[in-house]
1. If each of ASP122 and MET152 carries a label point 7 Å out from its Cα toward its Cβ, how far apart are those two points in nm?
2. How far, in nm, would the chain grow between THR200 and ALA141 when pulled straight, counting 0.36 nm per residue and subtracting the alpha carbon separation?
3. What's the FRET efficiency of ALA193 with ASN347 using the Cβ-Cβ distance as r and R₀ = 41 Å, to the nearest 0.05?
4. Given a Förster distance of 35 angstrom, what is the FRET efficiency for ASP291 paired with ALA406, based on the Cβ-Cβ distance and rounded to 0.05?
5. What does the net charge come to around VAL220 if you take all other residues with beta carbon closer than 11 Å to its beta carbon, with K and R at +1 and D and E at -1?
6. Over the stretch 265-312, what is the relative contact order in percent, taking alpha-carbon pairs closer than 8 angstrom and at least six residues apart?
7. Going by average Cβ density within 10 Å per residue, which order do the peptides 186-194, 277-285, 322-330, 349-357 take, highest to lowest?
8. Within the stretch 324-406, which GluC sites (Glu not before Pro) sit in a loop by DSSP and count at most 14 neighbouring Cβ atoms inside 10 Å?
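Please treat every number below as a calculation from the coordinates, not as lab data. Every value quoted in this text rests on a predicted model; they were computed, and no experiment measured them. FYI the Cβ positions are ideal-geometry reconstructions off the backbone, even for glycines, and counts take in every protein chain you see.
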Amino acid sequence: MQLNQLVLLLSLPATILSFVILPEADVFASPPQSPDSSIICPKRIDEAVGDGVTGPSTSAGSRPCICHEAALGEIEVLAEVAAEHIPFADLVEEVVEGPTVQVTRLAPKHANAAQPDGEDADDQPLPVVIWHGLGDSADAAGLQEIAELVDMVHPGTYTYIISVTGTRGSADRQASFFGNVSQQIETVCHLLAEDNILRTAPAIDAIGFSQGGQFLRGYVQRCGSWAPKIRSLLTFGSQHNGIAEFQKCSGTSDWLCQGANALLKSSTVWSDFIQSRLVPAQYYRDLNEYDKYLEHSNFLADINNERKVKNATYAENLAKLDKFVMIVFGDDRTVIPKDSGWFDEVNMTSNSVTKLRDRPIYKEDWIGLKKLDEKGALDFLTLAGEHMQLVDKDLMKLFKSYFGPAGKKFGGTAPLAPDSGKLDL
Ligand SMILES: *[C@@H]1O[C@H](CO)[C@@H](O)[C@H](O)[C@H]1NC(C)=O
Ligand SMILES: *[C@@H]1O[C@H](CO)[C@@H](O)[C@H](O)[C@H]1NC(C)=O
Ligand SMILES: *[C@@H]1O[C@H](CO)[C@@H](O)[C@H](O)[C@H]1NC(C)=O
């Protein structure tokens, strides 16, 4: 991007600017795929945005700020659009509208209806639903590899990848940035409930990658009494307790990255306008502005029952899970703080961590986590590596432990040491 274009960009009103910058900011994108083919990156930057983004990472720690070149190309286009004096409303319509959520049905060759049908019905693995993360799209090869892995571990698994919007990957990807999360979840509830296989299965299992994790939890809490029931919910690097920052920038010269952070730190993040449209803003949670968060958060403050008036249904529904497995990436530098994946609260000023079990949300059981814990259904796991850096043998171990036929018993077989949460491989 040329300097004059940047100047043009920065002269736009903040609200427009945030929309121009954020679609490609790749807040939670994973590091580029490792040359090691055993590592699957469901959110590979190269797939999502095209070529020439970043080279192979030398190490997880040297991950560049992800305001990358391909993104700049798109920003240029948007900046031009803005410069042509297209009315503000039109610009926003263009970017924001149309996130009807769709389900992409992956049909493994040997997928069977989950309906009981003769003697083999007991062995039929439950269907698996996957909700991808920010900046990803359902047709990404990485997600299909995940589905194939599930099918390898439990042959015949009927796997769904939830896709936000229509046919093109870029539209789906865009809807992971833009839309009203509550509406997106509601749509997903209906789509899953209308699906013949999911609605007739005794239950379903689910994988939420990054933000898809807290959205699937939203699905359970809000629609758990009528939509297909989730048995095991696995969330990978999710932001259950929100994010305090949108991303860490690699350097102070990274203008766009800094700009995105600055915008989201500004008051605009709490406006209804942003809260109803910008997906990550709806799980932004800043302890220093906790009152504003409580008042304006369109998703997280509600789904975590943080407001005075609690919704008891949320706790009832979540407590019905057989397993809620929260996986944190040990070297996650993308989710800030990464402890959010376990509902731990971090005071970013003093850098002190309050563990979930010491927090009111647990002690007063606002959303059913204590009930889950008491019945042995709450698992805290750690995987090595950066955000969404997945290794297939870890995944297979997890799928083996938590997915499979309906009658599966979980007691004692879990691959974990209760508190440390280390996955025993
Ligand atoms: C609580 O949540 C359920 C499920 O989303 C909803 O149907 C109900 O209206 C909510 N109750 C209140 C008091 O908001
Ligand atoms: C998001 O959608 C929900 C459900 O339609 C609605 O109740 C809520 O007001 C919307 N949020 C905002 C901030 O507009
Ligand atoms: C975070 O820690 C700082 C320093 O100890 C303290 O002053 C501040 O009140 C804490 N913030 C919250 C929200 O607890």
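1. Inter-label distance under the simple model: 2.9 nm.
2. So the chain would gain 18.4 nm between THR200 and ALA141.
3. 0.50
4. Rounded to the nearest 0.05, the efficiency is 0.20.
5. Result for the neighbourhood of VAL220: +4.
6. Result for the stretch 265-312 is 31 percent.
7. The densest-packed peptide leads the list: 277-285, 322-330, 186-194, 349-357.
8. The qualifying sites are GLU364.
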